[in-house]
1. Relative to the longest principal Cα axis of the chain, at what angle does helix 500-512 sit, 0 to 90 degrees, rounded to 10?
2. Of (1) 41.3; (2) 77.8; (3) 38.1, which is the value of mean projected area of the Cα convex hull in nm² derived from the coordinates here?
3. What is the distance in Å between the Cα centroid of the stretch 503-580 and that of the stretch 357-390?
4. Quick check on the chain: of the DSSP beta bridges with both residues there, what percent are antiparallel, nearest 5%?
5. How much length is gained if the chain between LEU564 and GLU615 is pulled fully straight, taking 0.36 nm per residue apart and subtracting their Cα-Cα distance, in nm to one decimal?
6. When you count, for each residue, the other Cβ atoms within 10 Å and take the mean per peptide, how do 392-399, 579-586 rank with the highest first?
7. Where does the charge balance sit around SER404 when Lys and Arg score +1, Asp and Glu -1, over other residues with C-beta under 10 Å from its C-beta?
8. First select every other residue whose beta carbon is under 13 angstrom from the beta carbon of GLU41; then total the charges, Lys and Arg +1, Asp and Glu -1.
Amino acid sequence: MAFEPGKLGAATPAAPAAPPPSTAKKRQEVAKVAAEKTQLEEERIYRKGVISIRDLISPAGLKVEPTFLVLNESYVRTIFVVTYPRYINLGWFAPVINLNTTLDVAMFFYPVKAEIILKQLKKKVGTLEAQILSDHEKGAPRDPIAETALRDIEQLRDDLSQGIEHFFQFALYITVYGKSKEDLDKLTESVESIFAGKLIYSKRVFYQSEQGFNSTMPIGNDELMVTFNMQTSPCASSFPFISADLTSDNGILFGINRHNNSLILFDRFSMQNANYIVFATSGAGKSYTVKLEILRSLMVGVEVIVIDPEMEYKHLSDAVGGTFINISLASDAKINPFELPRAVGEQVTTEDIIRSAVITAKGLLRIMFGTVTPQEDSILDRALLETYAKKDITPDSDLSQVESPIMQDFQQVLEGMEGTADLTIKLKKYTEGTFAGLFNSPTTVQMKNILVIFSVRDLEDELRPLAIYAIVNYIWNVVRSERKKRILVIDEAWWLMQHEDSAKFIFALVKRCRKYFLGVTTITQDVNDFLRSPYGQAIVTNSAMQMLLKQSPAAIDNIAKTFLLTEGEKYLLLECGVGEGIFFAGPKHAAIKVVASYAEDQIVTTNPQQLLEIEAAKKEFEAEQEEQKKKCRRAAFRPPP
C-alpha cells in the first residue's frame, strides 16, 4: 500500500458500488404494492362502517314456504303461464297490468334460429299428413284437430321462410304481493281468473317460490325456465306497456276509471276543441253528470250558460247564486230575434252585421212557417232588409245609435208587400195571437253572472225549438263580444235537430265556437233522431269529448256504428248502472263511473224523492229560524222585573 506525503493515516475509502437497475425497479414495485395493500385495507375498514344500497333494499327477513315467500310482513307468490289458446287478442295482458295492486311482471324472450324450427316443422308436417292419409285410407272419420294443426304449421312455415315472422321461446311470470295469506290467495285467484277468461292456463309455483321471486327481480335471471313456443305476432300482443289511464295534468274530475280506479281529470279547453256531447237514456244520469261538471267548472272560474228544458238546473242556480231566466209567454224575460250581432273586438263591417242578422232571423222564420218556397224565401229576405232599413239600420248607419226592430215591425213591412198574404197570416199568431208574448218585444234579459240558466219548461212543445233557437243566437252574439272561457250547455238538443235551419245553426256554432273560447255541451236522450240528422253526425265529429252512459237496445247499434264500439263495449253500455258508461277524450276512451261528494250530490241531484227531502229540510230550517226570531222579539219587548 502506498501513502502520499502529508496524508499518512488518512486514507480515503472507496465509494460503494451502485445496485443494478433491475434491483431498484423491484424495490419500487414492492413499495407500490405495499402502498396499494395499505390503501385497500383502509378502504375495507372504512366500508365496514358504511351502509350500502344492498343493505338498504334488502329485506329484514325472508321465509321460504312451498308456494309462497314471507318477505318482511308481505306475502309473495309467483304465477307462471303454461299454455296459450290458438288465437290471442291484441292487448290481452291489459286487464292484468291495470289491476289496482302491486305486481312484478317478468318476460323472457329466447330467439330460436329459423332453420332449426323449419327442420322440426317439416318433420311435424310429414307426421300429420301421414296420419291424415292413413285415416282416409282406413275410412276413419276426419280429425279436425290434426287438420287445423297442419294448416297452422304450413302458415307458420311460410311466414318463417319469408321473414314475416320470427320464432321465440317466451316465458311470462307474475309475482303478486298480499298483506296476509288470505289476501295473497284472493289476489292470486283474481289473476288466475283473468287468465282463465282468456283460455290461458297458469300455475302457481310449487317448491320454487324463491326461484320464482328471483325471476321477477330486475336482474334478468330466469330461474324457472318455463317457456312456450311463439312467433312474433303473439309475442307482440303480450306487450305490457299499455294502460287504461285517461287523464291530463290539470282540469276537473269527470269520474273514476273503472278499469283501474284511477281519476279521469281533463281540461276541455286544452284539447283541439272544447265541445262535449252526452248520450244516454232517460234516468241514466246525464243531467246529473253535466251538472256535476258545471259545478266543478265554476270552481275554476269558467262561465257557464245553460238552456234548461225541464227546470232541472234551478236548484243548482240557487245554490251557487246564478241567474235563472224563465222564458215563457207570460214572463218578463224576452229575447228579440231581430237583435243585431255584437261586433266588439272584431273587424266586421256594418253590412256584414246586417247580413248576419237577416240570415239568422230568416232561419227562425223558416222554423215558424214550416215549409217555405223559394219565392217566399226571396220575399222574406227582402222584407227583413226593409225592416232593418225602417229603423235606419243600413250599411252607412252607426249601429251604436240605432234600435233593433221587433216582430211587429217585420209584420208591418210584410203586409205592405205583394204576394205575402199567407205569410202574414202565419206571422200574426206570433204578433197578435196566442204566441204574441214571446218574440214581439225588445230584449230584456242580461248575462252578467258566472252562471246563467235559460229555462223553457213553461213553453209549449211547438214553441220550444223557436225559443231555443232565439236563445242560442242571443248567447252566440254575447259570446262573440268578449273572449273568455265559457261553456254552453244545450239540454235535450234533439229539439233543434228536428228542423234543418236550427240543426244547421247549432252545427255552425259547434264548428266556430273554438275561436271564441266557448265549449258547447250537447245532451240528448233521443239518440237515433240526433244521429239520423247529418248535422248531428257532424256535431259528434266536431266534439273532442264524448260521454256515453246507459243506452237502450234500440239505439245501441247506431251508437256502436258511430263510435266504433266493440261487442264488449256495447254490452257494457246496455248493462251498466246509473252514472256509468264510456268516456271519450280525443282518440282514447275508458269505462267511467261518475262520483260526487255528499255536498255536490245535494246540489246536483235530479232524484225527485231526494229533492222533496231537501225541500222539506229547507222548510223545516226556515220554520226554526222564524221561531227563533219570534222568541228574540218577545224577549226584546218583555218588561223588566
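1. 40 degrees
2. Working out mean projected area of the Cα convex hull in nm² from the coordinates points to (2).
3. A separation of 32 Å, based on Cα centres.
4. Values: 47 of 74 bridges.
Here the antiparallel bridges make up roughly 65 percent for the chain.
5. On the way: separation 51, 0.36 × 51 = 18.36 nm, distance 4.35 nm.
That works out to 14.0 nm of additional length.
6. On the way: 392-399: 13.1, 579-586: 21.2.
Top to bottom by mean Cβ count within 10 Å: 579-586, 392-399.
7. Values: positive: LYS391; negative: GLU339, GLU403, ASP409.
Within the 10 Å Cβ shell, the charges total -2.
8. Numbers: positive: LYS37, ARG44, ARG47, LYS48; negative: GLU36, GLU42, GLU43.
Around GLU41, the charge tally is +1.
Just so you know, all these numbers are worked out from the coordinates, no wet-lab data involved. Predicted model only: the values in this text are computed from it and were never measured. Virtual Cβ from ideal backbone geometry, glycine too; neighbours counted across all protein chains shown.
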